[in-house]
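Report on the following structure.
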Amino acid sequence: MKETEKPNIPVTRSSMPPFEEYIEEIHSLWDSHWLTNCGVKHQQLQSKLQEYLKVKHVEMFVNGHSAIEAILEAFNIQGEVITTSFTFVSTTNAIVRRGATPVFVDVEPEWLTIDPKKIEAAITSKTEAILAVHVYGNLCEIDEIQSIASKHGLKVIYDAAHAFGVTKNNVGALSFGDASAVSFHATKAFNTIEGGAACTSNSSLAQVMARNRNFGLDISGNCVEPGGNAKMNEFCAAMGLCNLRHVDEEIAKRKAAYDEYVDQLQGVPGVCLLKDQPGVKRNYAYMPVLIDPEKFGATRDDVFEALEREGVHTRKYFYPAINEMGWYKNRFVSDTPIASRAAKNVITLPLYADLSIENARQVSSIVKDAKNA
Ligand SMILES: *Cc1c(COP(=O)(O)O)cnc(C)c1O
């Protein structure tokens, strides 16, 4: 390779169906002129997702963030919500925007999901819910969380934005807790361009969420509650129908690249990979790596810069921890040293279905060489 020919590898690349397949899928919209408001594409995608995700109700939204807010709204959560600071800001913004108060509890070092052992100490008379995050598709300790919640009468809500298609012992991850929100954003393992869903087995909750995403109107057109507008349109649903046909293949391709990273980076001193979880089938949405600066001999930022110089674009995802970010700094109760440390050390390497094995190998060797740079 010439000096000037840098690989230019993005951190992610949206999955898209063949062009003709999408055109075929949207053809009928030109006959019907029905573009939104729970049309045929919306209904088809909803029922296919209920089957694929193994969950009773999948209420689709314009994006994943709206789905989180919809769940909090439907449960009328206004007090304290126990959550973590190692997440995307959407989780925490949803809590604040609904008028509730986040209380940050630390994460477990292995999975970076909420540490159930630290939840009870954070519960007060104002606590109403636990909003935990299946970070990178790593599942939270659902049984421990449920038993704490049951003991204290709290709702359990999962931000499952990263957990599309993840199962534990063949049970869909979106069926855990009282409700879960998943994202179908362009950058996620499955996309509808923009989109998301609130998943639950609670029929009356599903009904309330479906009503409130359409101005709070019931079937007779009566406004039961002052809802907003967060409906998924037919073009996005059509994209979802196409992408869903290919999602298993796409996940298998992600796994191949992921496995190459593991082969290349496993055992490198100071490069820490997240372990597999027993019984969990993953979706390989992300390739997070934690750099221990003492053991590795260079910092996460050094690795980030070394990769940038070679045309490899990565993300410090998530950095900084939410409770250290702009508006959130010193505003809410938090004691989260493990989350802060993870945020300082984490880097997510490029991972998408079309990433070649060769590229994964190249990226890995740049990471390994970063300590000499
Ligand atoms: C992507 C994401 C969201 C928000 O989903 P959108 O569909 O982009 O609104 C929420 N939480 C987490 C952890 C995410 O990664």
**Under Karplus coefficients 6.51, -1.76 and 1.60, residue-wise ³J(HN,Hα) of region 308-316 in Hz, glycine/proline x** = 4, 4, 9, x, 10, 9, 10, 10, 8
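For a quick check: sort VAL367, VAL280 by the number of other beta carbons within 10 angstrom, fewest at the front. Let's see the in-between values first.
Details: VAL367 25, VAL280 16.
The order, fewest Cβ neighbours first, is VAL280, VAL367.
How about region 109-175: which GluC sites (Glu not before Pro) there lie in a loop by DSSP and see at most 14 other Cβ atoms within 10 Å? Intermediate values should be presented prior to the final figure.
Numbers: sites: GLU110, GLU120, GLU128, GLU141, GLU144; in loops: GLU110, GLU141.
Here the GluC sites (Glu not before Pro) that fit, given the DSSP loop and packing criteria, are GLU110.
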**Prompt:** Size of the dipole of region 230-373 about the Cα centre, Lys and Arg at +1 and Asp and Glu at -1 on the beta carbon, nothing else charged, in debye to 20?
**Reply:** 440
**Given charges at Cβ of Lys, Arg, Asp, Glu: the chain dipole, positive-most of CYS199, SER28, SER356** = CYS199
**Fill in**
Each label sits 7 Å from Cα toward the beta-carbon; between ASN222 and GLN44 the label points are separated, in nm, by 3.5
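With the Cα gyration tensor of region 334-373 giving a ≥ b ≥ c as the square roots of its eigenvalues, does the rule (a/c under 1.5 for rounded; else a/b larger than b/c for prolate; else oblate) give rounded, prolate or oblate?
Details: a/c = 6.21, a/b = 1.77, b/c = 3.52.
Oblate is the answer for region 334-373, as a/c is 1.5 or above yet b/c matches or exceeds a/b.
If I take R0 = 35 Å and measure r between the Cβ atoms of ASP354 and ASN214 in this structure, what FRET efficiency does the formula 1/(1 + (r/R0)^6) give, to the nearest 0.05? Mind dumping the intermediate values first?
Values: r = 37 Å, r/R0 = 1.05.
E(calc), rounded to 0.05, equals 0.45.
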**Prompt:** Ordered by packing density, taken as the mean number of other Cβ atoms within 10 Å over each peptide's residues, highest first, how do 149-155, 82-88, 51-57 rank?
**Reply:** 82-88, 51-57, 149-155
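Between rounded, prolate and oblate, where does region 1-93 land on the alpha carbon gyration tensor, with a ≥ b ≥ c its root eigenvalues, rounded for a/c under 1.5, else prolate if a/b exceeds b/c?
On the way: a/c = 2.60, a/b = 1.09, b/c = 2.39.
In terms of gyration-tensor shape, oblate.
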**Prompt:** Which whole-Hz couplings ³J(HN,Hα) result when phi for each residue of region 144-157 is put into the Karplus expression 6.51 cos²θ - 1.76 cosθ + 1.60, θ = phi - 60°, listed in order with x for Gly and Pro?
**Reply:** 4, 5, 4, 5, 5, 4, 5, 4, 9, x, 9, 7, 10, 10
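Any of LYS118/LYS344; LYS231/LYS329; LYS6/LYS329; LYS253/LYS329; LYS188/LYS329 with alpha carbons more than 30 Å apart? Name them for me. It would help to have the intermediate numbers written out before the result.
Details: LYS118/LYS344 21 Å; LYS231/LYS329 33 Å; LYS6/LYS329 38 Å; LYS253/LYS329 39 Å; LYS188/LYS329 28 Å.
Over 30 Å Cα-Cα: LYS231/LYS329; LYS6/LYS329; LYS253/LYS329.
Defining a contact as two alpha carbons under 8 Å apart and six or more residues distant in sequence, what relative contact order in percent does the chain show? Spell out each step's value before the answer.
Working: 790 pairs, mean separation 86.0, N = 373.
This gives 23 percent for the chain.
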**Fill in**
So, with points 7 Å from each Cα along the Cβ direction, the GLN78-LYS255 label distance in nm works out to 4.7
**Prompt:** So which aspartates and glutamates can LYS151 reach, going by Cα to Cα under 15 Å and dropping same-chain residues fewer than 8 places off?
**Reply:** GLU120, GLU128, ASP143, ASP178
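If you put +1 on each Lys and Arg Cβ and -1 on each Asp and Glu Cβ, how big is the dipole of the chain around its Cα centre, in Debye rounded to 20? Intermediate results must be reported in sequence, preceding the final value.
Numbers: 38 positive and 46 negative charges, 97 e Å.
The dipole magnitude comes to about 460 debye.
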**Request:** Please give the peptides 68-80, 219-231, 35-47 ranked by average Cβ packing (other Cβ atoms within 10 Å per residue), highest first, as a rough proxy for protection.
**Result:** 68-80, 35-47, 219-231
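Based on Cβ point charges of +1 for Lys and Arg and -1 for Asp and Glu, what charge dipole magnitude is obtained for region 43-175 about its Cα centre, in debye rounded to the nearest 20? It would help to have the intermediate numbers written out before the result.
Values: 11 positive and 15 negative charges, 63 e Å.
The calculated dipole for region 43-175 is roughly 300 debye.
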**Prolate/oblate/rounded call for region 311-359, Cα gyration tensor, a/c under 1.5 rounded** = prolate
**Fill in**
In a Gaussian network model of the chain with springs linking alpha carbons closer than 10 Å, the residue among MET60, MET325, MET239 that fluctuates most is MET325
**Prompt:** Residues with amide H under 5 Å of ALA163's amide H, sequence separation 5 or more or different chain, H placed in the peptide plane at 1.01 Å from N; which?
**Reply:** SER183
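Every number in this text was worked out from the coordinates using simple rules, so none of it is lab data. Please read these numbers as outputs of a predicted model, since none were measured by experiment. Ideal geometry is used to build each Cβ from the backbone, glycine not excepted, and the neighbour counts take in all protein chains shown.
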